[in-house]
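No value in this document is a laboratory result; all are computed from the given coordinates. Quick caveat: nothing in here was measured; it's all calculated off a predicted structure. Positions of Cβ are backbone-derived with ideal geometry, glycine not excepted, and every protein chain shown enters the neighbour counts.
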Amino acid sequence: MTTNARKPESDILAAMHETVSGLHRIGLVDQATMRSFDVMCLTTVESLSPAEIRALREREQVSQPVFARYLNVRKDAVSKWERGEKRPDGPSLKLLNLVRAKGLKAIA
């Protein structure tokens, strides 16, 4: 059985997902179709510019080492992101988007 703990971005999408989940539970929708609806409900992950990362950290009023600790990355990674030498990806980018949307307490 597929369980979707993510909150869809719109009320319409949430209603649609709930309906398809019910149809899946009773066997009218196959697993592949259910997976497609699960993917549609994922939160979008947008890339952030160096200035946006720095502004996000400053908005949360934390230093680079503290921000890095929250994100479970090295301090020099945050520094390189803010200087534009590297770009966050994968779980780090997902966490940054979560912090941008809900604040640092969301990942604490």
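Observations on the model:
- Using C-alpha pairs below 8 Å separated by at least 6 residues, the relative contact order for the chain is 22 percent.
- Eigenvalues of the alpha-carbon gyration tensor of segment 50-107, scaled by 5 and square-rooted, set the equivalent ellipsoid semi-axes at 15, 12, 11 angstrom, largest first.
- Residues Arg25 and Glu52, FRET efficiency given R0 of 41 Å [Cβ-Cβ distance, rounded to 0.05]: 0.50
- Equivalent ellipsoid, the chain (semi-axes from 5 times Cα gyration tensor eigenvalues, Å): 36, 13, 11
- Under-21-angstrom lysine pairs by C-alpha in segment 50-107, whenever the two are 8 or more apart or on separate chains: 7
- For the chain, built as a Gaussian network whose Cα springs stay under 10 Å, the top-fluctuating residue of Glu46, Glu85, Glu60: Glu85
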